[in-house]
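S.K.: Sharing a structure here in structure tokens format.
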């Protein structure tokens, strides 16, 4: 996959063997590792990776490869400046090899409805962990971003549109991985309040510094 010129792994303060595995991987492959001392949330971890990236185009994806890396080629074919490309599992053209369980899938759909309602967006799938964007746009977005945990996907889509960028959703092949560490009850509640924070930050001018 020659289109990957740089690979960055961000270890979000894990307490298992993740860092050891990454270091062993680094011994055989040219990769960068960013290791956070404490868990700060997926949004903060990705922001750290974006800030460290040196390329002109950035892709971030889930380390469990729920969307295969080969999807990058399809995204690059429609890539253009000032555009955020995001995977859309809800598209009729998407191929879901293994779906999430019923409750988790419905919670994700409820999040999308709430996010669209609160943020006045029109996005079908905020949380698919496969997004491509120009580095210049990504740095602008993450310099403004304030949400470190699960609602960060909605925040970056919101900010991309606020910055005048186009947001385009593309179908993907996707397979649910059973080792997800999402605590459904806890994270659904906290994510709802994070969405309210995004609206609050916007209304009070906290995103105005661009």
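S.K.: Inspect all residues belonging to segment 170-187 and state whether any of them is without any contact (Cβ under 8 Å) to a residue 40 or more places away in the chain, surrounded by 14 or more Cβ atoms within 10 Å (Cβ to Cβ) and under 26 Å from residue 82 (Cβ atoms).
M.R.: No, that holds for no residue.
S.K.: Which of (1) closer than 24 Å to residue 176 by Cα; (2) in contact with a strand residue (DSSP E or B) (Cβ under 6 Å, 6 or more places away or on another chain) does residue 43 not meet, given it meets every other one?
M.R.: Tallying (1) closer than 24 Å to residue 176 by Cα; (2) in contact with a strand residue (DSSP E or B) (Cβ under 6 Å, 6 or more places away or on another chain), residue 43 fails exactly one: (2).
S.K.: Would you confirm whether any residue within segment 103-114 is in contact (Cβ under 8 Å) with a residue 60 or more places away in the chain and in contact with a strand residue (DSSP E or B) (Cβ under 7 Å, 6 or more places away or on another chain)?
M.R.: no
S.K.: In segment 25-66, which residues are closer than 18 Å to residue 149 by Cα and in contact with a helix residue (DSSP H, G or I) (Cβ under 6 Å, 6 or more places away or on another chain)?
M.R.: Hits for segment 25-66 are 34, 35, 43, 47, 50, 60.
S.K.: Somewhere in segment 142-150, is a residue surrounded by fewer than 22 Cβ atoms within 10 Å (Cβ to Cβ), in contact with a strand residue (DSSP E or B) (Cβ under 7 Å, 6 or more places away or on another chain), part of a loop (DSSP other than H, G, I, E, B) and modelled with pLDDT of 95 or more?
M.R.: No, the conditions are met nowhere in segment 142-150.
S.K.: Pull up segment 1-13, narrow it to residues that are within 16 Å of the chain's Cα centre (by Cα) and within 26 Å of residue 190 (Cβ to Cβ), then point me to the one that is surrounded by the most Cβ atoms within 10 Å (Cβ to Cβ).
M.R.: Looking at residues that are within 16 Å of the chain's Cα centre (by Cα) and within 26 Å of residue 190 (Cβ to Cβ), I get 10.
S.K.: Going by the conditions given, is residue 131 outside any strand (DSSP E or B), under 20 Å from residue 87 (Cβ atoms), modelled with pLDDT of 95 or more and touching a strand residue (DSSP E or B) at 6+ places or on another chain (Cβ under 7 Å)?
M.R.: Details: outside any strand (DSSP E or B): no; under 20 Å from residue 87 (Cβ atoms): yes; modelled with pLDDT of 95 or more: yes; touching a strand residue (DSSP E or B) at 6+ places or on another chain (Cβ under 7 Å): yes.
Taking the combined requirement at face value, the residue does not satisfy it.
The values are calculated or read from the model by the stated rules, or taken from the named source; none is laboratory data. Because the structure is predicted, anything quoted here is derived from the model rather than measured. We place every Cβ from the backbone using ideal geometry, glycine too, and count neighbours over all the protein chains shown.
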